[in-house]
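Single-structure report; data block below.
The values are calculated or read from the model by the stated rules, or taken from the named source; none is laboratory data. Note that the structure is predicted; figures quoted are calculated from it, not measured. Because the Cβ atoms are built from the backbone with ideal geometry, glycine has one as well, and the counts that use them run over all protein chains shown.
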Amino acid sequence: MLYFGLTASIVAEELHVIGTFDFNNNGKSEMLKINGLVAPLELVELNNNGEHTTLWVYSPDNGGSVVDAKFADLDNDKTLELIVIQKSDSLNNWLKIFEWNGFDFTLNKESIPNNDSSSERVRPSNIAHYDNLFSASIASPTRSAEVFNLRYTEGIVEKSNSQLFSDPIVTNGYGPVFTGIFNSGGVARVGLISPESNVLKVSVFTISQDSNKVVSDVFSLNGARVLLGPDIQPFDEDKDGFDELLIPFATGEVFTLSIENDVLLFVESRLTENNLFNLKSAAGQEEINNVILSRVENGLYDSNDIVSKKDPSVFLVPTDSLMLGDTLNMSIAPDSVSDFFEFQWSSQPPAGMTFNPETQTIGWVPEREHIGIVDLSFSLTSRTSEEIISEVSLYGNSHFLKPVLNNIEDTKIIFVGDTIKPPEPFVVLPKRLHKITISTKDIDNTDRFTFEGETPFSSTSFNANNVITVGVNTDLSTIKNDKSSSFIFQSSKEKPDSLVTVSIMHDLSSNIIYTSIKPTVDTLTQSFDAEGVNPDMYELPEYFFEGFPSTMGLNVSSDSSLSLLASGKNKSGVLTIQSPLFSKTHDMIIEYYGGRPHAIRGDVNVKKDGSHKTLTEIDFESAFNPIMIKSLLSSANRDTLVFHADSIPDTLKAKTSYKSFYSPVTIIKKATPVISPEELGDTPTPEAPVDTTGGASEELIETPEPEAAPIDSIQTPTPEAPVDTTES
């Protein structure tokens, strides 16, 4: 039971966003936030400027917590109901139904019959929905998926056809349990999913009247961690008319699960590393809006769920896209033979937008203030034909023509992009070293280690006071985007019969460290978040440990470091993992009592956005028992130098596409004086200043100056690229 409590605290830190919708029919998009800062459930409306307005909030009573939520039309009235699952102290009180009342959502307080007569408390992990079929993952007490139907008639909720699906591959495990429903090959299938360490256990059940077939398998996660259960959803990845099951992780990876000829396929999705899901509870409005836009642009809302089948217009689907300087000329005529009769705007159009009744087109040229989303609503009435109406008047029959009208109310979504892109400067990047070192007396001078690795990696070994240190390091700045590099540093001695492997994964984008010991004697997974104890320690990672002593705890030392494990036992070695983090360096030091180190293996994966993930495995002979774990941040000088093209020798010129995540940079700008044409004369080539600061910015922008900018701390008669004196 302790493990599930820890899992709940992990999930609660992730923000999940569903939508967009337009429940109140005012032409503005709305979205549902799960686990935000305002409330466990929050319906917000997006204003034209992108700001959020809260329309409705919900917090469970009696200390409960919201786990997941889905929308479905339970009573076929074309208005979606909100289905919520929550963890509660009340027995089996985990399923809630909310109905839209025209202004916000109202909780249906009628009890929902539960066919499960068990006296144990049900603890669900997520809920999936597809075509009036629901599946809830029951993490406790059964580690199964409950599949059922829901009906909502005159305020009464009926839960029927309930079945429990389980399989030994998931039941005999300890990881969190999730579920998903998808249509594969025209057949509804329910997946039962459980991540454990670096593997994913999967069972897929076929749901039909004549078959309850199950197919199971185990897949490697390749370092992906923290499965986002509420974001599991069907998605037609290959556009073949059938769904795969989309499985996203907080570390940025997204996978698809499908079945073909009774064989499960688990592959990386094209949506991976696009930052579509991994939102934190403290995410700002702009960050959330960007995620929604990215989902639309990546076609995520084209999946065949009931919401898009019932009313595709509730999603924010782009009608057209423009760049600054383009002209919009959009025809809204229902067909080529209908005549115009009447047009009215339903919402305020942007400045300069016009409607031409003769051509039934909307015309517009966007300005810079329109960059982003522009939504417009209108009502168009067209005359499709005429009919003769005959009436009897005082003096006899009268006849006249009456137009046959067709009214259309529609909303168009326009994306306006920016055509101005800042020039790419020439950049000299500082070193951002990732290091793994082991210091111990168990290695002697005759024990040789051989290194096999790609160019960015280098090995080190030395003897100091009869303590041998071996290790590997690499400069993360030298590994390009969307690239993976690996290495192995192995003892020349024969591989021992018994090995214990320590795995350490650090995702520098989500700032999560996951450490495990295999084989493990303790299946307990422990998590520690320094920011939760002291908000000033927000830069430290979130730590997950699997197979480590249960005596671990979180203590802040006087030097602002963290003590995660302390013991007075004797040590035989020290393992140190060092990674660049923001403008500092993060060190995790593990003192241990164990066997001789045999090998160090590692992989560095650079994502599309330039952020890094490091995965390290160390083999120890026979045993590895951690007795002390300490984590700390230390300042590092990470000056990023920006030069004008003419100030760098040709031999050093190299264009660098650079996104500052680990070492934010301050842009040095100076106001350019206004010079009249008469005073202009011959203008010298502008040069950009050298940036040696460490402020916060997302881009480097070269700003030409009318006079040469001084080069910081470099006194040379001619401009040259300075030697990098950053962290070694």
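Cβ-Cβ below 6 Å, separation at least six or inter-chain, first residue in the stretch 213-241 and without any contact (Cβ under 8 Å) to a residue 60 or more places away in the chain, second among the charged types (D, E, K, R): which pairs?
Correct list of pairs: VAL214/ASP167; VAL215/ASP262; SER216/ASP167; VAL218/LYS201; ALA224/GLU253; GLU237/GLU244.
Select from the stretch 564-588 the residues that are modelled with pLDDT under 90 and in contact with a Lys or Arg (Cβ under 7 Å, 6 or more places away or on another chain) and write down the one among them that is surrounded by the fewest Cβ atoms within 10 Å (Cβ to Cβ).
Within the stretch 564-588, the match that is surrounded by the fewest Cβ atoms within 10 Å (Cβ to Cβ) is SER583.
Any idea which of PHE457, PHE489 is hydrophobic (A, V, I, L, M, F, W, C) and more than 28 Å from GLU273 (Cα to Cα)?
So the residue among PHE457, PHE489 that is hydrophobic (A, V, I, L, M, F, W, C) and more than 28 Å from GLU273 (Cα to Cα) is PHE489.
For the stretch 259-271, which positions are in contact (Cβ under 8 Å) with a residue 40 or more places away in the chain and within 17 Å of LEU221 (Cβ to Cβ)?
Matches in the stretch 259-271: LEU264, PHE266.
Going by the conditions given, is THR501 closer than 23 Å to LEU564 by Cα, at pLDDT 80 or above and hydroxyl-bearing (Ser, Thr, Tyr)?
It is true that THR501 is closer than 23 Å to LEU564 by Cα, at pLDDT 80 or above and hydroxyl-bearing (Ser, Thr, Tyr).
Restricting attention to the stretch 239-288, which residues are closer than 24 Å to ILE512 by Cα and of a type in the set (S, T, N, Q)?
Residues satisfying the conditions are THR251, THR256, SER269, THR272, ASN274, ASN275, ASN278, SER281, GLN285.
Name the single residue, out of those in the stretch 438-474 being without any contact (Cβ under 8 Å) to a residue 40 or more places away in the chain and part of a loop (DSSP other than H, G, I, E, B), that is surrounded by the most Cβ atoms within 10 Å (Cβ to Cβ).
That would be GLU454.
Going by the conditions given, is LYS607 surrounded by 17 or more Cβ atoms within 10 Å (Cβ to Cβ), among the basic types (Lys, Arg), within 29 Å of the chain's Cα centre (by Cα) and farther than 23 Å from THR525 by Cβ?
Against the criterion (surrounded by 17 or more Cβ atoms within 10 Å (Cβ to Cβ), among the basic types (Lys, Arg), within 29 Å of the chain's Cα centre (by Cα) and farther than 23 Å from THR525 by Cβ), LYS607 qualifies.
Quick check on the stretch 22-44: of everything there that is farther than 30 Å from GLY532 by Cα and assigned to a loop (DSSP other than H, G, I, E, B), which residue is modelled with the lowest pLDDT?
The qualifying residue modelled with the lowest pLDDT is GLY27.
Please pick out the residue among SER258, SER303 that is surrounded by 18 or more Cβ atoms within 10 Å (Cβ to Cβ), modelled with pLDDT of 85 or more and under 22 Å from LEU133 (Cα atoms).
Answer to the check: SER258.
Select from the stretch 517-545 the residues that are at pLDDT below 90 and more than 23 Å from the chain's Cα centre (by Cα) and list them in ascending order.
LYS518, PRO519, THR520, VAL521, ASP522, THR523, LEU524, VAL533, ASN534, ASP536
Which members of the stretch 166-217 meet the condition of being in contact with a helix residue (DSSP H, G or I) (Cβ under 7 Å, 6 or more places away or on another chain) and either over 30 Å from MET505 (Cβ atoms) or surrounded by fewer than 19 Cβ atoms within 10 Å (Cβ to Cβ) (or both)?
Answer for the stretch 166-217, where residues must be in contact with a helix residue (DSSP H, G or I) (Cβ under 7 Å, 6 or more places away or on another chain) and either over 30 Å from MET505 (Cβ atoms) or surrounded by fewer than 19 Cβ atoms within 10 Å (Cβ to Cβ) (or both): TYR174, SER216.
Is it true that GLU358 is more than 24 Å from LEU293 (Cα to Cα), in contact with a Phe, Trp or Tyr (Cβ under 9 Å, 6 or more places away or on another chain), at pLDDT 80 or above and among the acidic types (Asp, Glu)?
Yes; evaluated as a whole, the condition is true for this residue.
Condition first: touching a Leu at 6+ places or on another chain (Cβ under 7 Å), modelled with pLDDT under 90 and under 22 Å from LEU221 (Cα atoms). Can you find one or more residues in the stretch 589-602 that meet it?
Yes, because at least one residue in the stretch 589-602 is touching a Leu at 6+ places or on another chain (Cβ under 7 Å), modelled with pLDDT under 90 and under 22 Å from LEU221 (Cα atoms).
Mind listing whichever residues of the stretch 325-372 are without any contact (Cβ under 8 Å) to a residue 24 or more places away in the chain and in a strand (DSSP E or B)?
THR354, PHE355, ASN356
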